[in-house]
1. Could you list all residues from region 117-142 that are surrounded by fewer than 17 Cβ atoms within 10 Å (Cβ to Cβ) and at pLDDT below 95?
2. Enumerate the pairs (first residue in region 68-87 and in the same structural domain as residue 170 (by TED's automatic domain parsing) and at positive phi; second residue anywhere and surrounded by fewer than 16 Cβ atoms within 10 Å (Cβ to Cβ) and in a loop (DSSP other than H, G, I, E, B)) with beta-carbon separation below 6 Å, excluding pairs fewer than 6 apart on the same chain, so at least 6 apart or on different chains.
3. Counting just the residues of region 42-87 that are at pLDDT below 95 and touching a helix residue (DSSP H, G or I) at 6+ places or on another chain (Cβ under 7 Å), which one comes out farthest from residue 126 (Cα to Cα)?
4. For residues that are farther than 14 Å from residue 20 by Cα and surrounded by 14 or more Cβ atoms within 10 Å (Cβ to Cβ), tally how many sit in region 152-163.
5. Taking the criterion of being assigned to a loop (DSSP other than H, G, I, E, B), in the same structural domain as residue 163 (by TED's automatic domain parsing), more than 24 Å from residue 127 (Cβ to Cβ) and modelled with pLDDT of 95 or more, would at least one residue in region 7-29 satisfy it?
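The values are calculated or read from the model by the stated rules, or taken from the named source; none is laboratory data. Note that this is a predicted model, so its numbers are computed, not measured. FYI the Cβ positions are ideal-geometry reconstructions off the backbone, even for glycines, and counts take in every protein chain you see.
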């Protein structure tokens, strides 16, 4: 009986700690399993903040140039390489991109796009390092937009040394797609996001794609809706005798949860003058991220406490039954 309880506890612990998907190879920056890491991020599988404050790389790119940011692999320009994904909660897969930053995270260029079926636990995804890449230390990034669940963006980054590059740089490659991080661009649940500009290297295995909505870099769709909107209008009138004036205005805007509009009008007459104005605005976006931030706080920060409560319950049963 006791051995059964212990086995059940071990299995439960394994399930609870499996978490979301993460890049396992090459070893990401500040990953506890990265040999260069001193103080690891033990919440590594968490997505980027809804506000985008920790983009890129969950802020881990800041260790570049320090011992913790030392390269973990060497890739030759023009060679075929791969990255591997691990974890347990794939959220129905989705779409991913493999990108490189040659300026320590300031800008990103896409080498390969994967539409559908990404990620899958234990699977490796191949790509070709551009021959135009500059030789030296660069940042490699894997990004993921989940198909099912909360609208999120995941991003892991690794420090890599590039050799044999032509030095031309990757300016001709598309910029990295970003969404669901407070930038006015969002992905739709239930479909694999179809990147507006996936680049020249695309692997599409999806049976249901969907375009992003909002103000998305590189193009994208648009939608109407509201989270909150504001508008203003003004009007004025002047004259002598009897007269009246009126003005009206309207405005619209789109973005991440806000919109604005403005209008003005004027009129004149002989007599008394009056003016009126009206304005309206509408916006589309993801709305407030406060609820999501609170959910993420309890989901990740109190995860250990929840696990220990389970551990205590099983230990009590083991001792008394």
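1. Listed by number, the residues that qualify are 120, 121, 122, 123.
2. Pairs found: 78/131; 87/121.
3. Ranking the candidates gives 43 first.
4. Number satisfying all stated conditions: 6.
5. no
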